[in-house]
Amino acid sequence: MSTKNDKPVAVVTAAAQRLGRAIALAFARAGYDLVVHYRASRAQAEDTAELATACGARAVVLGANLAIRATAEEFVANCLSAFARVDVLVANAGAFERTPVNEFSDDACQRMLADNLFATLWVARAFGVEMRARGGGSIVALADVAALRPWRGYLAYNIAKAGVVALVRTLAKELAPEVRVNAIAPGPVLFPPGFDPQARQREIERTLLKREGLPDHVADAALFLCRNDYVTGVVLPVDGGRLLAGDDGY
């Protein structure tokens, strides 16, 4: 059963750990109540909620596989049952997998599309329609610099993240003027566990700023895109100048 909201409410998907946790806590510190989404990491999601509560937020933990449309739409309904409204969606859920063109498989392609594109599409569309009917809202999706300058060896991932950019730009048109829709394209921020150390250093050196980005850099960008009410349909690189540095990466 929903309750009256005294504060704005943000839903952060894949908020159990890493980048999603940093984004969720940034919104908690900024005065938002939260829905902390997870797919499998319930214990970590509860830790995120506990940290958010310590910042003064009311935090609700909800699990769902957002790549499945019916499950994603049920998740949206559960969010709206927990709170009287949702003001912000940060669609952070995603996955990263190497898929060289000569080793490409249907399964890998389906995984990348499901976990990156469709896990964003279903929740963004459902929340966007609800926000428009209510008269306002903001959606921020996590893309990648690879959507703008593809990495070698990551065919399926590149395609999926490029789809996220197309989705954001389309929804920005479809949902205007009530709802603003934007994307963040992180560069070398929080490399995946087990990432090759030499490749990691090589990517850092390819930035103009010669250093790895922090999760808070991305979280701050998400807050900016939600606070600035004259920005919609943009893809904001948070990449230390990686896009300007040339070279196609990896």
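Tabulated data for the structure shown
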quantity	calculated
In degrees, nearest ten, helix 42-54 long axis to first principal axis of the chain (Cα)	60
FRET efficiency for GLU178 and GLN201, using Cβ-Cβ distance with R0 set to 35 Å, rounded to 0.05	0.20
Amide H within-cut-off set for VAL234, under 5 Å, with H built and near neighbours excluded	ALA183
Candidates ALA166, ALA93, ALA16: whichever shows maximal mean-square fluctuation once the chain is modelled as a Gaussian network with Cα springs under 10 Å	ALA166
Length gained when the stretch ALA43-ASP107 is fully extended (0.36 nm per residue, less Cα-Cα span)	20.2 nm
Relative contact order of the chain, pairs being alpha-carbon contacts under 8 Å that are 6 or more residues apart, as %	18
Burial ordering of ILE159, ILE68, ILE139, fewest other beta-carbon atoms within 10 Å first	ILE68, ILE159, ILE139
Stretch gain in nm, segment ASN65-PHE224, where the contour uses 0.36 nm per residue and the Cα spacing is subtracted	54.5 nm
For VAL60, distant residues with modelled amide H under 5 Å away	LEU34, VAL35, VAL36
Structure-derived Cα extents along the principal axes in Å: which label, when the choices are [x] 51, 37, 35; [y] 44, 41, 39; [z] 57, 40, 33	[x]
Sorted by Cβ density within 10 Å, fewest first, the residues THR232, THR53, THR48	THR53, THR232, THR48
Residue order, fewest to most beta carbons within 10 Å, for SER105, SER81, SER138, SER41	SER105, SER81, SER41, SER138
About the Cα centre, charge dipole magnitude for region 9-242 (Lys/Arg +1, Asp/Glu -1 at Cβ), debye	420
0 to 90° range, to nearest 10: angle between helix 155-175 axis and the chain longest Cα axis	40
ARG152/SER81 FRET efficiency (R0 35 Å; Cβ-Cβ; nearest 0.05)	0.20
Within region 9-242, percent of DSSP bridges classed antiparallel, to nearest 5	0
Gaussian network model of the chain, Cα within-10 Å springs - most flexible of GLY137, GLY63, GLY194	GLY194
In degrees, nearest ten, helix 18-29 long axis to first principal axis of the chain (Cα)	40
Region 31-117 - convex hull of alpha carbons, volume per residue in Å³	109
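FYI, it's all coordinate maths here, none of it is from the lab. A quick note: this is a predicted structure, and the numbers were derived from the prediction, not measured. Cβ atoms come from the backbone with ideal geometry, glycine included; neighbour counts cover every protein chain shown.
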